[in-house]
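*Asks:* This is the structure I want to talk about, given as structure tokens.
The values are calculated or read from the model by the stated rules, or taken from the named source; none is laboratory data. Not measured: the values here are computed from a predicted model. Reconstructed Cβ throughout: ideal geometry from the backbone, glycine too, with neighbour counts over all protein chains shown. All accessible areas refer to the heavy atoms of the entire protein, side chains included, with ligands and DNA or RNA removed. Shrake-Rupley method; radii C 1.70, N 1.55, O 1.52, S 1.80 Å.
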Amino acid sequence: MGLPAKLLGDGEHELLHLRSHGKTMIGPTLWLLLISGLGGALFAVLPVDWRPWSGWTVALLAGLLAVPAWLLPVLRWRTTTYTLTTHRLITRAGIINKVGHDVPVNRITNVAYQRSLSDRIFGCGSLVFTTSAEAPVVLHDVPKVEQVGVEVSNLLFGARTR
């Protein structure tokens, strides 16, 4: 699902709609597993005569730790999107406070990508858009970054030469 049609201008069409690669959720998921394991171990070593309150306390503590360790990163990942339309590059992020950046396509002068070793393992990378007036716009953890970079270059610069 891309941007709602009401956010697109007259004659503007969505060409690509992306979200960061799922690799960004590996760390938070490992934290969630660690918190769950520690919570289960703590529950197991607590005296039986302290139950059921000890179980509720451990579960509440684990839940409170899981919110910043896992839930917030999941929500950040789900609410961060990158969209390329016929007129602009649109970035949107934010759970409660939304942050957006629109760059007109005609101001993009170069499309490059960067891939670290872990990016290469997971098949993602960062797309870097150089604009004529601003600092480069970097889209982090784009899946299949080389393929997307070629498609974006063809869309942007192929259209200019026609």
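*Asks:* Filter the DSSP H helices in the chain by two things, a Kyte-Doolittle mean of at least 1.0 and an axial alpha-carbon span of 24 angstrom or more, and list the hits by number. The partial results should precede the final answer.
*Replies:* Working: long enough: 26-45 (29 Å, 1.84).
Span-like helices here: 26-45.
*Asks:* Express the carbon and sulfur contribution to the solvent-accessible surface of the range 1-159 as a percent, rounded to the nearest whole number, probe 1.4 angstrom. Don't skip to the answer; put the middle values down first.
*Replies:* Numbers: 6400 of 9700 Å².
Ligands and nucleic acids excluded, carbon and sulfur give 66 percent.
*Asks:* Return, ordered by residue number, the residues of the range 123-162 whose backbone nitrogen is under 16 Å from a label point located 7 Å along Cα→Cβ of Lys23.
*Replies:* 123-128, 139-149
*Asks:* Over the chain, what is the relative contact order in percent, taking alpha-carbon pairs closer than 8 angstrom and at least six residues apart? Please report the intermediate quantities before stating the final value.
*Replies:* On the way: 210 pairs, mean separation 33.3, N = 162.
Relative contact order here is 21 percent.
*Asks:* Per residue, what accessible area does the chain have, given a 1.4 Å probe and all protein chains present, in Å²?
*Replies:* 63
*Asks:* Starting from the Cα of Asn110, step 7 Å along the direction of its Cβ; do the same at Trp53; then give the gap between the two resulting points in nm.
*Replies:* Computed distance between label sites Asn110 and Trp53 equals 6.6 nm.
*Asks:* Given the options Leu75, Leu139, Leu84, which has the most mean-square fluctuation in a GNM of the chain, springs set between C-alpha atoms less than 10 angstrom apart?
*Replies:* Maximum fluctuation in the GNM of the chain, among the listed residues, is at Leu75.
*Asks:* By a straight-distance test (C-alpha under 14 Å), which aspartates and glutamates pair with Lys6 as possible cross-link partners, with residues fewer than eight away in the same chain excluded?
*Replies:* Here the aspartates and glutamates satisfying the reach criterion relative to Lys6 are Glu14.
*Asks:* A further question follows. Let me have the 222 nm mean residue ellipticity of the chain computed from DSSP H runs of 4+ only, each contributing -39500 (n - 2.57), with the sum over all residues rounded to the nearest 500. Kindly include the intermediate steps, with their values, before the conclusion.
*Replies:* Details: 5 runs with 65 residues, N = 162.
Value at 222 nm, helices only, nearest 500: -12500 deg cm²/dmol.
*Asks:* Straight-line reach from Lys23: which aspartates and glutamates have Cα under 20 Å away, leaving out those fewer than 8 places along the same chain?
*Replies:* The reachable aspartates and glutamates, counting only those whose Cα sits under 20 Å from Lys23, are Asp119, Asp141, Glu146.
*Asks:* How far apart, in nanometres, would the label points at Leu117 and Asp10 be if each is projected 7 angstrom from Cα along the Cα-to-Cβ direction?
*Replies:* Spacing of the two 7 Å Cα→Cβ label points: 5.5 nm.
*Asks:* Kindly write out, for the range 6-22 in residue order, the coupling ³J(HN,Hα) from the Karplus curve 6.51 cos²θ - 1.76 cosθ + 1.60 (θ = phi - 60°), rounded to whole Hz, with x marking Gly and Pro.
*Replies:* Karplus values, whole Hz, x for Gly and Pro: 5, 8, 9, x, 5, x, 8, 10, 6, 9, 9, 10, 10, 10, 4, 4, x.
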